[in-house]
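The values are calculated or read from the model by the stated rules, or taken from the named source; none is laboratory data. These numbers were taken from a predicted model, which means no experiment stands behind them. Reconstructed Cβ throughout: ideal geometry from the backbone, glycine too, with neighbour counts over all protein chains shown.
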Amino acid sequence: MDTQLLFWLAPAGSLIALIFAYYFFVTMMKSDPGSAKSQEIAGYVKEGAMSYLWSQYRVVGIFFVVAFAFFSFLAFVLKVQSPWTPLAFLTGGFFSGLSGYLGMITATNASNRTCAAAAKSLNQGLQVAFRSGAVMGFVVVGLGLLDISIWWKILNYVMELSDTTFKDSIFAVHDYMEITTIMLTFGMGASSQALFARVGGGIFTKAADVGADLVGKTEAGIPEDDPRNPATIADNVGDNVGDVAGMGADLYESYCGSILATAALGAAAFSSGDMAQFQVNSILLPMAIAGVGIFFSLIGIYFVSTDEDASQKELMGALSRGINVSSALTAIGAAILTFYMLPDNIGILGSIITGLVSGIIIGWATEYYTSGDYPPTQEVAAQATTGPATVIIEGLATGMMSTGIPVVTVGLGIILAYGFANGFNDPSMGLYGIGIAAVGMLSTLGITLATDAYGPIADNAGGNAEMSEMGPEVRKRTDALDSLGNTTAATGKGFAIGSAALTAMALLGAYIEELRISLLRIAKFSDSQLDQYIFTGPDKAIPIAKATMADFMAYYNVTLMNPLVLVGVFLGAMLVFVFCAMTMKAVGRAAHSMVEEVRRQFKEIPGLLKGEKGVKADYASCVAISTKGAQREMIAPSLLAIITPVVVGLVLGVGGMIGMLVGGLSCGFAVAIMMANAGGAWDNAKKYVEAGNLGGKGSDNHKATVVGDTVGDPFKDTSGPSLNILIKLMSMVAVVVAGLTVSYAPTIQFYFGFNPSEIAFKEEFSKRLSAREVTLPSLTEVPGSTKTSSIFEDPLMGTEDIILPNEDDAAASIQTPKVPEVIPGEVKPTQPDSKPADTTGSFGGLDEAKPADKPADGGFSGGFDAIDEKPADAPAAGGFDAIDEKPADAPAAGGFDSLDKKSEAPATTEAPADKPAATEAPAGEPKTEPAPKTEGSGGFEGM
């Protein structure tokens, strides 16, 4: 069976995911929509959500047009980028936006139906809400894998035609490494869409939530989700735009990014040697695992059910059961695929399982620190007895403490995944192992995202039940589903953060491969053969196509002793905090406008606060305020995240860029966990009190936890989740603009006086090449280049062209004579059928085994003396003396003296009359006698 056939697991899985997503949607729409009042409230939420989404897409559309033009300029004018990149960028953004839209449509139609189902039984309410969330999960994995599959087939087709139809075209694609790096760039579109969705949605939802809580609960003393509160509908709309569209776009980006980064790393790891035959398999393996994960996620969906009057632990156990079943089956499927596709690299299976287990552990740790059933959240609630200040202090401490398990888990996961893939012997394989671990963690995204999207649906159902004044039994069930939804939302955020860390690590490795492709693309349009190499020292040149990751690190001086790298690390860490500050201040400004609007309505609408019959709040005004505030405030932090990597790359170069990515990843990962879990703990501490503990609703303790929850809202729903995208987006931007960075950063750095190593080494090597002190290694045909190499290992072993750096020099192209191949130990005459000749005065410089001042025994005692590393003041007996860096006034005994620019002495092919043919030693040193003629000794014996 051809392993290429296993590729079809990916498109088949994507189509099945989309079919079942449609099936779950139709099933949900056919369920009971509930009472007229319930449908009316759901209609308000749906209208507000769609209004916001289209407003956001208009703003994002402008950005995509500008970005498309910029990438087209880089591709078609500067030619530092593949011309496929602008198109890939658009498709990535389009499918991400489409998945958000479909998920939003489902969620807003599911809330009232969940209420109606909960009126019948708790299990029916759970089934409607969970399977509605599954629509979002399967739409994300289906569209993501479909996009990847389509691009794979398109670029493979183009590669097949690159030697005919696309020959000499900039659209030509020449190998799998180029294909995978092009595909990776469409993640930039997904990342950009995800950032706007997360930041904009987070600002919208928390502006509404903070405004509703501060005025409604704290000032007016009315319950949450009370229809008298004008901000209630905006709050419910925000749950959808933030935790459905935003989370979906976030995990769509992680899902696609992990698969594409792993494919690029696989193409690099298996590009040469004995492993080259498995290169295609290494690219297809993450796609096949993702396809298998979809099948088993569907199976897991049907394991989710519960009994009536189930506790929170039992409800959580029901969801966990489905995830665990899917994970176990996916591990088995991944084992079979790995054994079949990479039989010589079974350790990869350990990397996959590491990713799966890491995701489960992170989910468990998040549940422990944010669920009201466990001590950390209960301790936050207990601090309410001394006021809101101690609630905030305890919540912050809980969030900080919660970073321990996830960070250690991901750290161990990286080490284990790297080790299982034999990374300590082969770093490129180790990076592939880290990438495949991220794919393993996200392989069951269909069901894990379903549990996350379930949260806002259940939350909206609880609000709908409250506002439509449904019976206490229904409210009890929806409250149970809502409380479970808070925990699953927090768990989903932890899972998203962990997967973002692994994905960003894989993208960091893929960035190095993108540097290779960018340098090869530059070499394709360059007239200098030196551009086919990187220089890891003043005397060492390495063909770009053969360079290892360590070579690139040396070329760009990526060490902790390089201040540019350290500055990049500091900038990456700083960017995390500045980004968080901008998003939190944006929530504060938008919430201020919301608070003023709610206060105005309570004051100006008679009977609203008293709940008089027939009096309704102006919900649309609050939705409009949040929408305008979110659209206005999301631009600055989003542009900061996108532009900063470009500027850092151009000013600090590749070293500074890598430093920034490392700093942003390490700092952003920990801060994101802290903010998400602190916010979750504050939220569920409030729920814990509302459940009747510590005085219950309306008590002073409840008010204190409400303040804590209000502080935690932007933590867990705006800044924290947005950091997931920030750390991935920085890597994606770095990948996309790698060509721009390597082309122009050295020049910019040179003007700043940084003297980058890539320029310094290249200049020094050029000088030494001109002086014949170094040679260029053999160069295989460069992928995508129409030029074939004419550079050889030793300039004496063939008649070839040498392109010297000084291209204006007429002597830059030198023809060297072809030397016949000689088998060691064999004596060959210099000419066929001729007697051995006296070869004294020829090729003596090749004898490196003897002191420079002594002739070679048995022939070739002279000539090419310049290449012989003898003292510069020793006169040459003949041949190519111009290349010898001896003093200009030293007489040349013979050979190509006209090429020596320093020598003004006329060339002569004979020794001076007053000197013997043998080399005359300088004064004060013994003379050397010419070697005696010996029959048959005229070959290479002197060597």
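Here is how the numbers come out for the structure above:
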read-out: Hits in the range 173-226 - residues which are surrounded by fewer than 24 Cβ atoms within 10 Å (Cβ to Cβ) and either among the small types (Gly, Ala, Ser) or in contact with a strand residue (DSSP E or B) (Cβ under 6 Å, 6 or more places away or on another chain) (or both); value: Ala220, Gly221
read-out: Within the range 719-778, helices (runs of 4 or more DSSP H) holding 2 or more residues that are β-branched (Val, Ile, Thr) and more than 30 Å from Val587 (Cβ to Cβ); value: 738-751
read-out: Residue pairs meeting the criteria (Cβ under 7 Å; at least 6 apart or on separate chains; first touching a residue at least 24 places away in the same chain (Cβ under 8 Å) and assigned to a helix (DSSP H, G or I), in the range 666-687; second surrounded by 24 or more Cβ atoms within 10 Å (Cβ to Cβ) and aromatic (Phe, Trp, Tyr)); value: Met675/Phe715; Asn677/Tyr369; Ala678/Phe715; Gly679/Phe715; Ala681/Tyr369
read-out: Qualifying residue in the range 290-305 (condition: assigned to a helix (DSSP H, G or I), within 22 Å of Leu508 (Cα to Cα) and either of a type in the set (Phe, Trp, Tyr) or modelled with pLDDT of 90 or more (or both)); value: yes
read-out: Residue in the range 519-556 that is surrounded by the most Cβ atoms within 10 Å (Cβ to Cβ), counting only those that are acidic (Asp, Glu) and assigned to a loop (DSSP other than H, G, I, E, B); value: Asp539
read-out: Residue check, Phe420 touching a helix residue (DSSP H, G or I) at 6+ places or on another chain (Cβ under 6 Å), of a type in the set (Phe, Trp, Tyr) and under 14 Å from Ser351 (Cα atoms); value: yes
read-out: Single unsatisfied condition, Thr559 versus (1) hydroxyl-bearing (Ser, Thr, Tyr); (2) surrounded by 24 or more Cβ atoms within 10 Å (Cβ to Cβ); (3) not in a helix (DSSP H, G or I); value: (2)
read-out: Selection within the range 599-641 - part of a helix (DSSP H, G or I) and under 14 Å from Thr232 (Cα atoms); value: Arg599, Gln601, Phe602, Tyr619, Ala620, Ser621, Cys622, Val623, Ala624, Ile625, Ser626
read-out: Residues being out of contact with any Pro (no Cβ under 7 Å at 6 or more places or on another chain) and surrounded by 24 or more Cβ atoms within 10 Å (Cβ to Cβ) - total across the range 647-656; value: 6
read-out: Any chance Thr644 is surrounded by fewer than 23 Cβ atoms within 10 Å (Cβ to Cβ) and in contact (Cβ under 8 Å) with a residue 40 or more places away in the chain; value: yes
read-out: Flag for Ala208 being part of a helix (DSSP H, G or I), closer than 24 Å to Ala641 by Cα, in contact with a helix residue (DSSP H, G or I) (Cβ under 7 Å, 6 or more places away or on another chain) and among the aliphatic types (A, V, I, L, M); value: no
read-out: Long-range neighbours under 7 Å by Cβ, at least six apart or interchain, first residue among the acidic types (Asp, Glu) within the range 546-563, second surrounded by fewer than 16 Cβ atoms within 10 Å (Cβ to Cβ); value: none
read-out: Close pairs from the range 297-310: first in the same structural domain as Leu445 (by TED's automatic domain parsing), partner assigned to a loop (DSSP other than H, G, I, E, B), Cβ under 9 Å, at least 6 apart; value: Ser297/Ser443; Ser297/Thr444; Gly300/Thr444; Glu308/Ser121
read-out: Evaluation of Trp54 against (1) assigned to a loop (DSSP other than H, G, I, E, B); (2) out of contact with any Ser or Thr (no Cβ under 7 Å at 6 or more places or on another chain); (3) not basic (Lys, Arg) (one fails), failing number; value: (1)
read-out: Out of Gly664, Gly695, Gly656, Gly649, sole residue that is on the phi > 0 side of the Ramachandran plot and at pLDDT 90 or above; value: Gly695
read-out: Of all residues making up the range 598-619, the number that are small (Gly, Ala, Ser) and under 14 Å from Asn229 (Cβ atoms); value: 2
read-out: Residues of the range 121-140 satisfying the condition of being under 18 Å from Leu484 (Cβ atoms) and either under 30 Å from the mean Cα position of the chain (by Cα) or of a type outside the set (A, V, I, L, M, F, W, C) (or both); value: Ser121, Asn123, Gln124, Gly125, Gln127, Arg131, Ser132, Gly133, Ala134, Met136, Gly137
read-out: Of all residues in the range 492-538 being of a type in the set (Ser, Thr, Tyr) and over 11 Å from the mean Cα position of the chain (by Cα), the one that is nearest to Gly680 (Cα to Cα); value: Ser499
read-out: Hits in the range 622-646 - residues which are more than 30 Å from Met732 (Cβ to Cβ) and in contact with a helix residue (DSSP H, G or I) (Cβ under 6 Å, 6 or more places away or on another chain); value: Cys622, Val623, Ile625
read-out: Number of positions in the range 744-776 that are of a type outside the set (A, V, I, L, M), touching a residue at least 24 places away in the same chain (Cβ under 8 Å), surrounded by fewer than 20 Cβ atoms within 10 Å (Cβ to Cβ) and under 30 Å from Pro86 (Cα atoms); value: 1
read-out: Check on Thr487, buried (at least 24 other Cβ atoms within 10 Å of the Cβ), within 31 Å of the chain's Cα centre (by Cα) and modelled with pLDDT under 90; value: yes
read-out: From Glu473, Glu469, residue being over 22 Å from Gln127 (Cβ atoms), surrounded by fewer than 24 Cβ atoms within 10 Å (Cβ to Cβ) and in the same structural domain as Phe715 (by TED's automatic domain parsing); value: Glu469
read-out: Qualifying positions in the range 688-701 - in contact (Cβ under 8 Å) with a residue 24 or more places away in the chain and either touching a Lys or Arg at 6+ places or on another chain (Cβ under 7 Å) or among the hydroxyl-bearing types (Ser, Thr, Tyr) (or both); value: Tyr688
read-out: Residue within the range 91-98 that is within 23 Å of Ile154 (Cα to Cα) and among the aliphatic types (A, V, I, L, M) present; value: yes
read-out: Number of the condition not met by Ser719 [criteria: (1) out of contact with any helix residue (DSSP H, G or I) (no Cβ under 9 Å at 6 or more places or on another chain); (2) within 18 Å of Leu575 (Cβ to Cβ)]; value: (1)
read-out: Complete set of residues in the range 607-626 that are touching a Gly at 6+ places or on another chain (Cβ under 8 Å) and farther than 23 Å from Glu469 by Cα; value: Ser626
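Listed here are the residues, each with its yes/no results for (1) free of Cβ contacts under 8 Å to residues at least 24 places away in the same chain; (2) among the β-branched types (Val, Ile, Thr); (3) within 30 Å of Ala42 (Cβ to Cβ).
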| site | (1), (2), (3) |
| --- | --- |
| Thr398 | no, yes, no |
| Gly404 | yes, no, no |
| Gly413 | no, no, no |
| Leu416 | no, no, no |
| Asp426 | no, no, no |
| Gly433 | no, no, no |
| Met441 | no, no, no |
| Thr448 | no, yes, yes |
| Tyr454 | no, no, yes |
